[in-house]
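The values are calculated or read from the model by the stated rules, or taken from the named source; none is laboratory data. Since the structure is predicted, the reported quantities are computational estimates derived from the model, not experimental observations. Virtual Cβ from ideal backbone geometry, glycine too; neighbours counted across all protein chains shown. Only protein heavy atoms, including side chains, enter the accessible area calculation; ligands, DNA and RNA are left aside. Shrake-Rupley method; radii C 1.70, N 1.55, O 1.52, S 1.80 Å.
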Amino acid sequence: MSTIETNLQVVRTRIAAAACSAGRKPGDITLLAVSKTFAAGEVRAAYAAGQREFGENYVQEAVEKIAALAALPLIWHFIGPIQSNKTRAIAEHFDWVHSVAREKIALRLAEARPPELGPLDVCLQVNVSGETSRSGVAADAVPPLAEAVRSLPRLRLRGLMAIPEPSDDIESQRRRFRGLRLLLEQLNAAGFGLDTLSMGMSQDLEAAVMEGATIVRVGTAIFGERAKA
Ligand SMILES: *Cc1c(COP(=O)(O)O)cnc(C)c1O
């Protein structure tokens, strides 16, 4: 078995164990393999081990990888910070975007989404732990942004995403993820009908699954350590 295949099995087992302990079905959680900085060959190895959904942070790198792997039935998620001059490439090459935090960016994505591709699935990135170093919309600004994004053509608002500050303490991890879930519940109480909570990474996916994550984004635990930029 390849290392990537072994790692994928370990991660799937972690997700299943956390789901079971929370009384959830493992099948209700999608594993997103974050392949940023890794080559098309490594994505191919993950595909051979059954992985279908991949996350990327850097547009140029991702577009080349997506082109190299066009023959495979993969689903691509953009999860990195979005510069306005990259919205067209994102709208043309990705199935999902998790990191929308400004109305202007949503507008540009909507304008650039080719109609023949169907709607672009969108999550709003929320700043849940008051972190200043991370992008994301403040919790109290989420409802008006959700309202604006919902009204845009060619985008389909699916839910919320967060990258809390890392913590070794599972209780504080859970508290931050719970904040995101409560925000989603608040939007759904107002009729949004959202189904996606994108939260949890290699270090904290158990806490995220226990708090209701429907997509966990895992890089290091699948592909290994990334080279430092
Ligand atoms: C890199 C990245 C991940 C994966 O992080 P790991 O700790 O390697 O699992 C998940 N989400 C986002 C937004 C990322 O940028």
Looking at the range 1-42, which of its residues are farther than 23 Å from Ile163 by Cα and either open to solvent by less than 20 Å² (accessible area, probe 1.4 Å) or of a type in the set (A, V, I, L, M) (or both)? Met1, Ile4, Ala39, Ala40
Members of the range 27-59 that are in contact (Cβ under 8 Å) with a residue 12 or more places away in the chain and in a helix (DSSP H, G or I): Asp28, Ala40, Glu42, Val43, Arg44, Ala45, Ala46, Tyr47, Ala48, Val59
Somewhere in the range 140-156, is a residue surrounded by 15 or more Cβ atoms within 10 Å (Cβ to Cβ), of a type outside the set (Gly, Ala, Ser), touching a residue at least 24 places away in the same chain (Cβ under 8 Å) and within 22 Å of Val11 (Cα to Cα)? no
Six or more apart or on different chains, Cβ under 8 Å: which pairs go from a residue in the range 164-180 that's open to solvent by 30 Å² or more (accessible area, probe 1.4 Å) and basic (Lys, Arg) to one that's at pLDDT below 95 and outside any helix (DSSP H, G or I)? Could you list them? Arg176/Val128; Arg176/Ser129; Arg176/Pro164; Arg176/Glu165; Arg176/Ser167
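Take the residues of the range 184-201 that are in contact (Cβ under 8 Å) with a residue 24 or more places away in the chain and open to solvent by 20 Å² or more (accessible area, probe 1.4 Å): which is farthest from the ligand (Cβ to nearest atom)? Show your work before the answer.
Here is the first cut: in the range 184-201, the ones in contact (Cβ under 8 Å) with a residue 24 or more places away in the chain are 184, 186-187, 190, 192, 194-199, 201.
From the residues that got through so far, the ones that are open to solvent by 20 Å² or more (accessible area, probe 1.4 Å) too are 186, 190, 192, 195, 201.
Details: Gln186: 23, Ala190: 26, Phe192: 22, Asp195: 19, Met201: 4 Å.
Checking each candidate, the answer is Ala190.
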